[in-house]
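Novice: First the structure, then my questions, so here it is.
The values are calculated or read from the model by the stated rules, or taken from the named source; none is laboratory data. Small disclaimer: the values here were computed from a predicted structure and weren't measured. Counting neighbours? That spans all protein chains shown, and the Cβs are built from the backbone with ideal geometry, glycine included. For the accessible areas, the whole protein counts, side chains as well, though only heavy atoms, and no ligand, DNA or RNA atoms are used. Shrake-Rupley method; radii C 1.70, N 1.55, O 1.52, S 1.80 Å.
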Amino acid sequence: MTVVADAFAARHGGAPAGVWFAPGRVNLIGEHTDYNDGFVLPFALPHRAVVAAAPATGPVSRVRSAQEPAGAVEFTAASVAPGDVGGWAAYVAGTCWAFREAGYPVGEVVLELDSDVPVGAGLSSSAAVECAVGVALAGLAGVQVAPTELARIARRAENEFVGAPTGGMDQMAAVHGRAGQLVFLDTRDDTVERVPFDLAAHGLELLVIDTRAPHAHAGGEYGARRADCERAAAALGVPALRDAVPADLDRLPDDRVRRRARHVVTENARVLEVVRLLGAGADPRGIGPLLDASHTSMRDDFEITVPHVDVAVEAARAGGATGARMTGGGFGGCVIALCPEDAVGGVTAAVERAYAERGWAAPAVFPGTPSDGAGRLA
Ligand code: ADP
Ligand code: MG
């Protein structure tokens, strides 16, 4: 996507100082485990946010997105603070702020952004923007920032400047992703291990099915799930549900809280089992039942799925998928389906048919190929 560099040149009459990118992500397994100090296993997508940037000649920064036709937004990177910039540009200005807060020099910039990460589909278009801006700021300042520190800066922009109370998985996947690999993240201490996930070598593909279901009530439900998990941990006397084991669950008298905790405890165990299987070089088909069990747990115990999601999962399995689950926070978003290559057409057709029968808009289906994390393009 050097088209963004061309757009920069056309608008500013010269080449940018550099072009940087960061990807969206899909979580293979480990849902709602991040705020319980648990394990997640995302990978970076080939879909990316790309920024072309250069130092500004004047005392203000000017940023523009190809996806935001209303035009450029201006702010002063040297002094911008939470509350100063709203809307989409808050993700950019917030990263400037967090970068400065981390002690790095931030000058005024002109910046053109373009992204093919679907927005609001649970594929982390927001972290892609933050991390792309973060690597651009590091590049412009001529400083080395370690990937995990960059992810923390980006997360701070999202939490404290944009005001979205999210965990750190998205940004960590965006900076640590590698082609053909999964990012195994322990959210308790932010340690990362990479796990091989070479699907083509096994004749497999991972389909991403964007259900395009409307995201209703997701914010409030997210808060309610977090509160239930905190209640469960407090009742069990553990710092976080990551420290609980299945035998503890019987000690939770409230049925709803016990089911919420059971999802987290079993989901963490499933992540570890997937890592064990893939790390040992097993055929990835072996993780199919774990993907299915994760979905059942999200549907019945954590209650975060919706009909669009459940129908896509059922249809994908009926169409020949080896395993399928919702990915992301829930109440809409995407489904992933592990498919033998010769079943991809049948799985896609089965999901499209199931949606058409219900009069639902067709989902977007594309292959999720583990790809590289944030870096410099030019
Ligand atoms: P997700 O990260 O799952 O896609 P979020 O609600 O966290 O959804 O972030 C989406 C928001 O990020 C958008 O509403 C917009 O403000 C910002 N954003 C993402 N991509 C772009 C882009 N290409 N240009 C401008 N803003 C973007
Ligand atoms: Mg996001």
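Novice: For the stretch 198-367, give the percent of accessible area contributed by carbon and sulfur heavy atoms, probe 1.4 Å, rounded to a whole number. Provide the component values of the computation, followed by the final result.
Specialist: Values: 3760 of 6990 Å².
Carbon and sulfur together cover 54 percent of it.
Novice: Related question: Could you tell me whether the stretch 287-328 comes out rounded, prolate or oblate from its Cα gyration tensor? Rule is a ≥ b ≥ c as square roots of the eigenvalues, rounded for a/c under 1.5, then prolate if a/b exceeds b/c, otherwise oblate. Can you show the working numbers first?
Specialist: Working: a/c = 2.33, a/b = 1.28, b/c = 1.81.
Oblate.
Novice: Taking only DSSP H segments of four or more residues, each worth -39500 (n - 2.57), what value at 222 nm results for the chain once the sum is divided by all its residues, to the nearest 500 deg cm²/dmol? Write out the running numbers ahead of the final one.
Specialist: Working: 10 runs with 141 residues, N = 378.
Roughly -12000 deg cm²/dmol at 222 nm, from the helical runs in the chain.
Novice: A follow-up question, please. Can you tell me, using C-alpha contacts under 8 Å and at least 6 residues apart, the relative contact order of the stretch 216-372 as a whole percent?
Specialist: On the way: 189 pairs, mean separation 25.5, N = 157.
Relative contact order, the stretch 216-372: 16 percent.
Novice: Using a 1.4 angstrom probe, figure out how much accessible area the stretch 245-354 has per residue, in square angstrom, rounded to the nearest whole. Working shown, then result.
Specialist: On the way: 4030 Å² over 110 residues.
Solvent-accessible surface per residue comes out at 37 Å².
Novice: So, with a 1.4 angstrom probe, what is the percent of accessible area on the stretch 111-162 that is carbon and sulfur?
Specialist: Numbers: 830 of 1720 Å².
The computed percentage sits at 48.
Novice: Using only alpha carbon pairs under 8 Å that are at least six residues apart, calculate the relative contact order of the chain and give it in whole percent.
Specialist: Numbers: 847 pairs, mean separation 86.5, N = 378.
Answer for the chain is 23 percent.
Novice: Below 14 angstrom from the Cβ of D37, what's the summed charge of the other residues (Lys, Arg +1; Asp, Glu -1)?
Specialist: -4
Novice: With a ≥ b ≥ c the root eigenvalues of the C-alpha gyration tensor of the stretch 198-367, is it rounded (a/c under 1.5), prolate (a/b larger than b/c) or oblate? Let's see the in-between values first.
Specialist: Numbers: a/c = 2.78, a/b = 1.43, b/c = 1.95.
Oblate shape, in that a/c is at least 1.5 and b/c is the bigger or equal ratio.
Novice: In debye to the nearest 20, how big a dipole does the stretch 224-373 give about its Cα centre with +1 on each Lys and Arg Cβ and -1 on each Asp and Glu Cβ? Don't skip to the end; give the middle numbers.
Specialist: Details: 18 positive and 21 negative charges, 64 e Å.
That gives the stretch 224-373 a dipole magnitude of about 300 debye.
Novice: Using only the Cα atoms of the chain, what semi-axes does the equivalent ellipsoid have when each is the square root of 5 times a gyration tensor eigenvalue? Give whole Å, largest first.
Specialist: Details: eigenvalues 248, 117, 72 Å².
Working through the eigenvalues yields semi-axes of 35, 24, 19 Å.
Novice: Follow-up question, since we're still on this one. With all protein chains present, how much of the accessible area of the stretch 45-96 (probe radius 1.4 Å) comes from carbon and sulfur, to the nearest whole percent?
Specialist: Details: 1140 of 2160 Å².
Whole-percent figure for carbon plus sulfur exposure: 53.
Novice: Ok, one more. Quick one: how many Å² of L28 are accessible to a 1.4 Å probe, rounded to 10?
Specialist: Counting only protein heavy atoms, L28 exposes about 0 Å² to solvent.
Novice: Quick one: order H308, H202 from most to least accessible surface, probe 1.4 Å. Before the final figure, lay out the partial values.
Specialist: On the way: H308 45, H202 70 Å².
In descending accessible area the options line up as H202, H308.
Novice: If you line up the long axis of helix 89-101 against the longest principal axis of the chain, both from Cα atoms, how many degrees apart are they, to the nearest 10?
Specialist: 80
Novice: To the nearest 10 degrees, how steep is helix 218-236 against the longest Cα principal axis of the chain, on a 0 to 90 scale?
Specialist: Taking Cα atoms only, the helix is inclined about 60 degrees.
Novice: Please determine, in degrees from 0 to 90 and to the nearest 10, the orientation of helix 255-279 with respect to the longest principal axis defined by the Cα atoms of the chain, where the helix direction is its Cα long axis.
Specialist: It is inclined by approximately 80 degrees.
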